Amino acid sequence: MNTSPEDSARERAELKDFEEHPKAAERGKFTVTVAVAFVLVPATVAGLGWFLYDSGSVSELTSTEADQEETSSTQTHQDVDPITPEGTVADPGSGLSYELPGEHWQRLGDDEVPHGYSSYAVHGSVDDPEAIIATGAETLGMVEPLSTAGLRLAVDSLNEAVPDTDLPEMKALEESRIDGHPVFEAATSSGEEGEPYSRFLLVELTDDHGAFVLGFTTGEDEAISTDIDAALDSIRTL
């Protein structure tokens with residue numbers, strides 16, 4: 001069949017449109033996809049940024065509050081002094097502590113402690129006590145044996161505490177240990193009933209530093225002598 005020139009031209013135009021239509025559709029799809037991407041990507045980034053910022057803020061705030069609570073708890077714990085049981089004499093000056101043996105004993109205030117001691121407890125009247133227990137620090141000679149230094153200090157301490165008094169002789173007792181530290185002890189012999197009693201204890205804390213406890217009666221009450229023994233038997237290091 002013969003085709004006129006006009007029909008041929010029309011067919012060629014339709015074929016051209018058909019071939020170009022898919023490309024136009026693809027260009028339209030691409031344009032829409034790019035537009036959506038430009039809208040969604042910034043929104044997603046903004047949302048993710050808000051989430052990270054918000055989470056970081058909460059985490060930082062929570063961490064700060066926790067640190068403050070922990071610091072407050074630590075400070076509170078440090079500001080509170082260790083509780084000393086009632087009836088315990090804890091003497092940082094000497095590094096020792098002991099139990100007061102009865103209700104008739106009382107510890108003097110720091111401003112009332114005589115020179116040469118770091119704590120002082122009396123039985124009965126403060127002005128005229130029936131017995132005394134005193135603690136203090138002592139420098140030790142590195143060459144002198146503990147037993148030699150201890151006996152000398154025991155005699156000197158008792159003579160200074162009760163001057164011009166005829167006291168029974170102080171005799172060394174067996175050496176022992178308190179909390180791992182070497183200890184020298186001396187006491188007066190029991191002697192006759194009603195005789196004044198005294199007991200001395202020296203703890204070697206380091207090679208050149210020690211702490212002592214001196215307990216003695218000024219009367220003749222045997223029960224108070226038992227109190228002194230009980231107090232010195234309870235000695236501990238701080």
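Bear in mind these aren't lab numbers, they're just calculated from the coordinates by the rules spelled out. None of these values were measured; they are calculated from a predicted model. Cβ placement follows ideal geometry from the backbone for every residue including glycine, while neighbour counts extend to all protein chains displayed.
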query: To the nearest 20 debye, what is the magnitude of the charge dipole of the range 88-237 about its Cα centre, counting +1 on the Cβ of each Lys and Arg and -1 on the Cβ of each Asp and Glu?
result: 520 debye
query: For Asp111 and Glu174, FRET efficiency with R0 = 45 Å and r from the beta-carbon atoms, rounded to 0.05?
result: 0.75
message: Among Phe184, Thr206, Gly124, which residue has its Cα furthest toward the positive end of the charge dipole of the range 88-237, with +1 on Lys/Arg Cβ and -1 on Asp/Glu Cβ?
response: Thr206
field: Radius 13 Å from Cβ of Leu140, net charge of other residues (Lys, Arg +1; Asp, Glu -1)
entry: -4
query: Considering only the other residues whose Cβ falls under 11 Å of the Cβ of Asp208, what net charge follows from Lys and Arg at +1 and Asp and Glu at -1?
result: -4
